[in-house]
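A.B. asks: Please read through the structure below; I'll follow up with questions.
Laboratory data are not the source of any read-out in this text; all were calculated from the coordinates shown. The shown structure was predicted, so the numbers you read here are calculated from the model rather than taken from an experiment. Reconstructed Cβ throughout: ideal geometry from the backbone, glycine too, with neighbour counts over all protein chains shown.
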Ligand SMILES: [Zn+2]
């Protein structure tokens with residue numbers, strides 16, 4: 001059985017873009033593998049998470065368990081509340097160009113990650129449309145091309161968001177957590193889901209063990225990675241994991257390459273559902 005791994009690297013914060021991305025570029029370059037970076041283009045309103053934390057006890061538990069202050073940094077925790085929101089990828093056009101120049105893929109993750117993640121169901125269709133307009137214009141401005149893929153912030157979808165995403169010319173989406181690829185029934189676009197857990201959810205050790213045990217069975221897998229985490233405090237365990245995976249004879253491909261090998265008419269057509277996965281603070285699309 002073939003053994004293929006895709007790295008879906010989400011960039012959610014200004015700090016993650018500034019420090020995590022260059023670190024991961026060096027790591028991946030040294031390992032000789034290429035990843036797919038899903039970029040948050042616009043404001044970093046991470047500080048709003050602090051307000052969320054006061055409302056949602058599961059979130060608080062997760063923040064404490066994952067040692068979020070060390071993970072994201074104190075300043076990041078105030079962006080969008082006490083400090084103004086800096087722009088994320090838009091602040092680092094040279095870094096976006098470097099991602100592509102070094103052979104990786106850049107795709108579209110968000111305009112305002114935090115406001116989607118915290119409030120999508122409450123937002124109007126006009127808000128969602130404007131969110132895509134601003135984000136995709138910023139993506140075009142920094143990369144000089146249209147995004148081929150969208151990865152929804154926090155894997156959070158609703159029917160309106162999916163329909164609006166369906167009209168933006170994406171070749172494939174990576175918006176869900178599921179074991180195998182499928183076609184989004186509502187819009188006819190293939191979905192390449194993240195099937196493995198991330199460090200943030202289970203803790204580094206348990207997640208590492210789970211990932212390795214799932215990879216033992218072979219097949220095609222997508223590992224979700226966060227620039228601010230695996231490119232920050234969890235850089236060492238991430239490198240150890242990549243070393244282990246290398247020893248398991250996996251070929252690392254970009255998500256674009258994996259998606260291009262899919263045959264959409266042979267994939268099942270499915271409707272996503274929202275579910276609370278282990279270690280997550282809020283439900284996500286599965
Ligand atoms: Zn994200």
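A.B. asks: Can you check what the Kirkwood hydrodynamic radius comes to for the range 79-181, Cα pairs only, in Å to one decimal? Walk me through the intermediate numbers first.
C.D. replies: Details: mean 1/r = 0.0685 Å⁻¹.
By the Kirkwood definition, the hydrodynamic radius is 14.6 Å.
A.B. asks: Within 10 Å of each residue's Cβ, count the other Cβ atoms and sort 111, 234 from fewest upward. Write down the numbers at each step before the final one.
C.D. replies: Values: 111 25, 234 22.
Taking fewest neighbouring Cβ atoms as first place, the list is 234, 111.
A.B. asks: Calculate, in nm to one decimal, what residue 23 and residue 78 gain on full extension: separation in residues at 0.36 nm each, minus their alpha carbon distance.
C.D. replies: Difference between extended and current length: 17.4 nm.
A.B. asks: Expressed as a whole percent, how much of the Cα-Cα distance distribution for the range 140-229 exceeds 14 Å? Mind showing how you got there, number by number?
C.D. replies: Details: 2770 of 4005 pairs.
When all Cα pairs of the range 140-229 are counted, 69 percent exceed 14 Å.
A.B. asks: Moving on. Between residue 263 and residue 251, what is the label-point separation in nm under the 7 Å Cα-to-beta-carbon projection?
C.D. replies: Taking the two extended label points, one gets 1.8 nm.
A.B. asks: Hey, another quick one. In nm, what is the difference between 0.36 nm times the number of residues separating residue 180 and residue 100 and their Cα-Cα distance?
C.D. replies: Details: separation 80, 0.36 × 80 = 28.80 nm, distance 2.71 nm.
Full-extension gain reported as 26.1 nm.
A.B. asks: Let me ask you something else. As a footprinting exposure proxy, order 143, 13 by other Cβ within 10 Å, with the fewest listed first.
C.D. replies: Going from sparsest to densest Cβ surroundings: 143, 13.
A.B. asks: When a/c is below 1.5 the answer is rounded, else prolate if a/b is larger than b/c, else oblate, so apply that to the range 233-286 with a ≥ b ≥ c taken from the square roots of the Cα gyration tensor eigenvalues.
C.D. replies: On the way: a/c = 3.13, a/b = 1.19, b/c = 2.62.
Taking the square roots of the gyration eigenvalues as a ≥ b ≥ c, the range 233-286 is oblate.
A.B. asks: Using only the Cα atoms of the chain, construct the convex hull and provide its projected area averaged over every direction, in square nanometres to one decimal. List each step's numbers first, then the result.
C.D. replies: Numbers: hull surface 53.6 nm².
Computing the convex hull of the Cα atoms and averaging its projections yields 13.4 nm².
A.B. asks: Could you please state, rounded to a whole Å, how far the C-alpha centre of the range 254-280 is from the C-alpha centre of the range 165-190?
C.D. replies: Spelled out, the Cα-based centre of one part sits 7 Å from the other.
A.B. asks: How much length is gained on full extension from residue 129 to residue 240, taking 0.36 nm per residue of separation minus their Cα-Cα distance? Working shown, then result.
C.D. replies: On the way: separation 111, 0.36 × 111 = 39.96 nm, distance 4.08 nm.
Computed gain between residue 129 and residue 240 is 35.9 nm.
A.B. asks: Next question. Among 209, 266, 257, 15, which comes first, then next, by fewest other beta-carbon atoms within 10 Å?
C.D. replies: On the way: 209 12, 266 8, 257 15, 15 23.
With the sparsest Cβ surroundings first, the list reads 266, 209, 257, 15.
A.B. asks: How many percent of DSSP beta bridges within the chain run antiparallel, rounded to 5?
C.D. replies: Here the antiparallel bridges make up roughly 20 percent for the chain.
A.B. asks: I've got another one for you. So what is the 222 nm mean residue ellipticity for the chain from helices alone, if each DSSP H run of at least 4 adds -39500 (n - 2.57) and you divide by all residues, rounding to the nearest 500 deg cm²/dmol?
C.D. replies: -11000 deg cm²/dmol
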